[in-house]
Every structure is written in C-alpha cells, then in structure tokens.
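Enquirer: Have a look at this one.
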Amino acid sequence: MALGFPLFRSAPMFALSFRQRRRVLLAALISDAVFPLAITGATAVVPDVTAQLPGAGVLGPWIVLAYNGLFAAALLLAGVTADRTARTRFFAVGNIVVAATGVLSALAPNLLSLVALRAVAGVGAAMCAAGGSSMVLAVYPPEERRRVYGYAGAVLGSSLALGPVVAQALMAIGGWPLVFVAPGTVAAVAALAALGLPGLRSPKLSDHFDFAGAALFGVTVAAVVTALGMSFGSGVPWWGPGGLILVAAAGATGLIRVERRAADPAIPVDLLRIPAYRAYAVATGAFMGMLVVGLTVLPQLGAAQSMGSSKAAVMLSLLTVPSTVLPLLAARLARRLARQLVTTALFACTVTAVILQVTDHPAVLLIAAGIIGLCLGLTEGVPDGQALNYVPSHRGGAGAALFSTTRMSLETLTLAAATGVMTALGPSSGMAVAGAMCLTAALIVRQAVPSRDA
C-alpha cells in the first residue's frame, strides 16, 4: 500500500502453464538483449559507415538519432496497441521488423536509406519492448514481478556492459554490416521463441482508442529526446534542436487539449498519480543517467588519461560488470528492502560524485567506478519491478511504456545537461550533474514510498 494507492495483487489475466509462462519470459529476455547492442553498435560504426557509404556526412549522426527518436515516438502507442491486440503476435511482429531492418541495413546502398531503415528499426524496437512487457505482465502476477525484472535487469545489464566489446568484435570480424545483422539475428530468435504461444488477447476492450493522444505524446517525447541527443556531439546546427523544441512545445499543447476531451486517454494518467510509480521512474532515470555520464566522463578525467589502457579498462569494467552479475541478488533483496536499497544506492552515487569534484587520483577513480557499479548492479531492475506492481495486468504495455519513456527522457536530459556543463567547467562537473540528479531522485523516493512498501 502506498499513500492510498493499492498494489494490484490480483491473479494474472491469463492462466498459462508453467512451461508456457517460461517461454513468454524467455522470448522477452532474448528480445531485451537486442536494444543495448543496437544502440552501442550503431554508435560505434557511425565513422566507418559515414566514410564508406555515399551521402551527406551530416546524415551520420542520424543513424543513431533516427533510431532513438522513432523508438521514443512509438513506445507509448506500441504499448497501448499491444494491450489491445494479441500480445505475443504483436511482440513477434516487432522482432521480425527488427530482424528485417537489420539485414537490410547491412545492404543499404547509401546513408539516406540506412537512416530510413534505422527509423523503421526504432519503431520495431518499440513494438518489441512494449509487446514484451505487455505479455509478461499479463501472465505473471505482481508478487512474481520482482523476480522477473531481476532476470530482465541481468540481461539488460549484461547487454549494456558487453555492448561496446561485442560491437568492436563484430566490426573486426565482418565490418560494420555485421553490427546491424547480429542484433537482427537475435530478434529473429526472439520471434521464433514466441511461435506457438497463445495470443494473449484481452477479452474486454474499450471501444475508444485514443490514437491522437498516443501519437501526440510520441511526437512530443521524440522531439525532446532527439533535440537533446543533437546537443552533444552530433554536429547539427543550433536551429535543429531549437526547431525540435518548438515542435515539442506544440505537441505538448495539442496533447493537453486532446487528453482533456478523450473518453479513454492513451496516457495512463492514473498511474502518474501514484507517487511510488513516479518516484521509481525518476530513480531508474537517475541511475541510467549516472551510468551514461560515468562512461563518458571518467575516461576524460586527468588521472584516467595517465593511468594506461589496462587500468582504464579495469575502471570501466568496475562500472559495468556488476550489472551483469548482481541483478538477481538485487531482486531477492528488493522483497523487503526495495526502498532502502534504491535510496541508499542513490545517496552513495551522489557522495561519489561529490568526491570526484575534489580529487581524481587514479585510486579514487577506481574506487568511485566500483561504488557506482555496485550501486547500479544492486538496483538493476528493482525500480522497474516495484513500479510495475501498480500496473494492472490488462494495461501492462501502456504502463511499462510510460515508465520506459520517463527513464529514457531523464537519462537523455542528464547526459545533455552534463555535456553542457562539462563544456564550461570541465569533465568532473559532468559527474556533479549526474550526482545532483541522483540526490533529487533519492529524496523523491524517500518522500513518495513508505518504508513499509514492499
């Protein structure tokens, strides 16, 4: 119970056999492994692709920006649609789209066609993410979701940690085309894993479908995320992000008007009214912001420049490896200590960021990376599992999509703000921005989530 909002302790919407539920979870976990590799791999190959394919060089950054923007734009619409259709079929189609665009991207004749394919891949990835969450939440009751999201955290953490290494290995083996084919192959496996499963279509559906609200929400979020993505290292003129911010403002204005009139709004406003749901969404955004800023900033600090490649690799491993081995332990701890675990980790990240403002001695950098990595590993998947306890089974796709959108937006905002501050004040100030975000999130969680909340 959290401030008057009940947890949904009802049975799952669909009573499947143990084996079928495991297949649903396995398919979703396989698909989860694709997204981090798709992002890190595409980022790594931008220079090679831009140099080898014909087309304007300014299109290079859009290989990543188009994917991220369309993913953000389509996520909520995909979640609402997944809840209203046969969930496993919707999930499988999304993975087929990712698989097909992966192969076609490897065969792209020019940069423009590659960017277009990446945009379609972003839509497919949104279908995978929303469809996977929708079908998992439809068959697993709330009391099992912490464990389920412990598995998901382990997969996502491993993919994030290994993504850069895998991308470099794929480039060494088969060049940049293989970096697009490999995630597509994994997505094809996920689609095959869903074959033969029940469709999981909701028996009762509302006659109203707020397509306009979902579309306007997607346009607004995509414009913001893309504008922030342009603000660091994309080489896009200032009027590009500025124009997108105007688009976002117009989209938000239209969204407010549409949602006020909608009989069944696409945005699950009732979930946003739940303090714990909002708080855990902010927390996971803060953790991801700390990770991406740490990966960007720590190698740039003075001591890191002189510590040698081997120690630098150890530092980055300390930051990322715990997220591959600790999420299952985190899920067990979260049964009774979720609030304490999340707030302690956020405060620890804040203190570490403050220390890095004072010194960047090599030993301090290694310890700082280890502390942040431990905090991330012990909370990977915990906020997700806690927040989604408040989502009823029949709205799993929309609830998970809104949560992911919040996380993505805060992560991108943190990185953009850190990049801007670093330009003016130096690398260590970027960690101060991420630390401030963690402190804010810790205070929000402490206030919004009662200590008795499981």
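Enquirer: From (1) at pLDDT below 85; (2) more than 21 Å from the chain's Cα centre (by Cα); (3) part of a helix (DSSP H, G or I), pick out the condition that doesn't hold for residue 450.
Expert: Checking residue 450 against (1) at pLDDT below 85; (2) more than 21 Å from the chain's Cα centre (by Cα); (3) part of a helix (DSSP H, G or I), the one that fails is (3).
Enquirer: Are any residues in the stretch 410-447 of a type in the set (Val, Ile, Thr) and modelled with pLDDT under 90, and if so, which ones? Please lay out each step first, then the result.
Expert: Narrowing the stretch 410-447 to residues of a type in the set (Val, Ile, Thr): 412, 414, 419, 421, 423, 433, 440, 444-445.
Across the stretch 410-447, the qualifying residues are 412, 414, 419, 421, 423.
Enquirer: Counting only residues that are crowded, with 23+ Cβ neighbours inside 10 Å and either among the polar types (S, T, N, Q) or modelled with pLDDT of 85 or more (or both), how many does the stretch 157-166 have?
Expert: Selection size over the stretch 157-166: 1.
Enquirer: Scan the stretch 8-40 for residues that are more than 22 Å from residue 328 (Cβ to Cβ) and either in contact with a His (Cβ under 7 Å, 6 or more places away or on another chain) or modelled with pLDDT under 80 (or both) and report the count.
Expert: Of all residues in the stretch 8-40, those more than 22 Å from residue 328 (Cβ to Cβ) come to 8-11, 13-17, 20, 38-40.
If we keep only those that are either in contact with a His (Cβ under 7 Å, 6 or more places away or on another chain) or modelled with pLDDT under 80 (or both) as well, we get 8-11, 13-15, 40.
Qualifying residue count for the region: 8.
Enquirer: For the stretch 292-306, how many residues are assigned to a helix (DSSP H, G or I) and within 18 Å of residue 434 (Cβ to Cβ)?
Expert: Of the stretch 292-306, the ones assigned to a helix (DSSP H, G or I) are 292-300, 302-306.
Narrowing the set further to residues that are within 18 Å of residue 434 (Cβ to Cβ) leaves 292-300, 304.
Matching residues across the stretch 292-306 total 10.
Enquirer: Also: Looking only at the stretch 307-332, count every residue that is over 23 Å from residue 418 (Cα atoms) and in a helix (DSSP H, G or I) and tell me the total. Walk me through it before giving the result.
Expert: Filtering the stretch 307-332 for residues over 23 Å from residue 418 (Cα atoms) gives 307-311, 314, 321-322, 324-332.
Filter again for in a helix (DSSP H, G or I), leaving 308-311, 314, 322, 324-325, 327-332.
Counting residues in the stretch 307-332 that are over 23 Å from residue 418 (Cα atoms) and in a helix (DSSP H, G or I) gives 14.
Yes/no matrix, rows are residues, columns are (1) buried (at least 16 other Cβ atoms within 10 Å of the Cβ); (2) in contact with a helix residue (DSSP H, G or I) (Cβ under 6 Å, 6 or more places away or on another chain); (3) hydrophobic (A, V, I, L, M, F, W, C); (4) under 17 Å from residue 387 (Cβ atoms):
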{"site": "283", "(1), (2), (3), (4)": "yes, yes, yes, yes"}
{"site": "292", "(1), (2), (3), (4)": "yes, yes, yes, no"}
{"site": "296", "(1), (2), (3), (4)": "yes, no, no, no"}
{"site": "315", "(1), (2), (3), (4)": "yes, yes, yes, no"}
{"site": "323", "(1), (2), (3), (4)": "yes, yes, no, no"}
{"site": "328", "(1), (2), (3), (4)": "no, yes, yes, no"}
{"site": "362", "(1), (2), (3), (4)": "yes, yes, no, no"}
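Enquirer: Okay, next question. Name, by its number, the condition in (1) more than 29 Å from residue 294 (Cβ to Cβ); (2) small (Gly, Ala, Ser); (3) without any contact (Cβ under 8 Å) to a residue 12 or more places away in the chain that does not hold for residue 172.
Expert: Answer for residue 172: the failing condition is (1).
Enquirer: Also: Working only within the stretch 135-151, note down all residues that are assigned to a helix (DSSP H, G or I) and in contact with a Ser or Thr (Cβ under 9 Å, 6 or more places away or on another chain).
Expert: 135, 137, 138, 139, 142
Enquirer: Only one of (1) assigned by TED's automatic domain parsing to the domain that holds residue 89; (2) in contact (Cβ under 8 Å) with a residue 60 or more places away in the chain fails for residue 215. Which number is that?
Expert: (1)
Enquirer: From the list 153, 175, exactly one residue is touching an Asp or Glu at 6+ places or on another chain (Cβ under 6 Å) and among the small types (Gly, Ala, Ser). Which is it?
Expert: Details: 175 fails: touching an Asp or Glu at 6+ places or on another chain (Cβ under 6 Å).
When all the criteria are applied, what remains is 153.
Enquirer: Going by the conditions given, is residue 233 of a type in the set (Gly, Ala, Ser), in contact with a helix residue (DSSP H, G or I) (Cβ under 8 Å, 6 or more places away or on another chain) and either surrounded by 22 or more Cβ atoms within 10 Å (Cβ to Cβ) or at pLDDT 85 or above (or both)?
Expert: Criteria not met by residue 233.
Enquirer: Name the pairs whose Cβ atoms lie under 9 Å apart, with the first residue in the stretch 91-110 and under 16 Å from residue 81 (Cα atoms), the second crowded, with 22+ Cβ neighbours inside 10 Å and of a type in the set (Ser, Thr, Tyr), and 6 or more positions between them or separate chains?
Expert: That search, which allows pairs on different chains as well, returns 91/31; 91/134; 94/31; 95/31.
Enquirer: Determine the pairs where a residue that is touching a residue at least 12 places away in the same chain (Cβ under 8 Å), located within the stretch 241-264, has a partner that is aromatic (Phe, Trp, Tyr) and crowded, with 17+ Cβ neighbours inside 10 Å with Cβ atoms under 8 Å apart, the partner being 6 or more residues away or on another chain.
Expert: Going by the 8 Å Cβ cut-off, the qualifying pairs are 251/217; 255/217.
Enquirer: Could you go through the stretch 384-407 and let me know if any residue there is under 15 Å from residue 294 (Cβ atoms), among the acidic types (Asp, Glu) and out of contact with any strand residue (DSSP E or B) (no Cβ under 9 Å at 6 or more places or on another chain).
Expert: no
Enquirer: Here's something else I'd like to know. Check residue 266 against each of (1) surrounded by 22 or more Cβ atoms within 10 Å (Cβ to Cβ); (2) not in a loop (DSSP other than H, G, I, E, B) and name the one condition it does not meet.
Expert: Result: residue 266 passes all but (2).
Enquirer: If we scan the stretch 336-343, do we find a residue that is under 27 Å from residue 43 (Cα atoms) and either assigned by TED's automatic domain parsing to the domain that holds residue 414 or in contact with a Leu (Cβ under 8 Å, 6 or more places away or on another chain) (or both)?
Expert: no
The values are calculated or read from the model by the stated rules, or taken from the named source; none is laboratory data. Predicted model, so just to flag it, every value in this text is computed and none were measured. All Cβ positions, glycine included, derive from the backbone under ideal geometry; neighbour counts span all protein chains shown.
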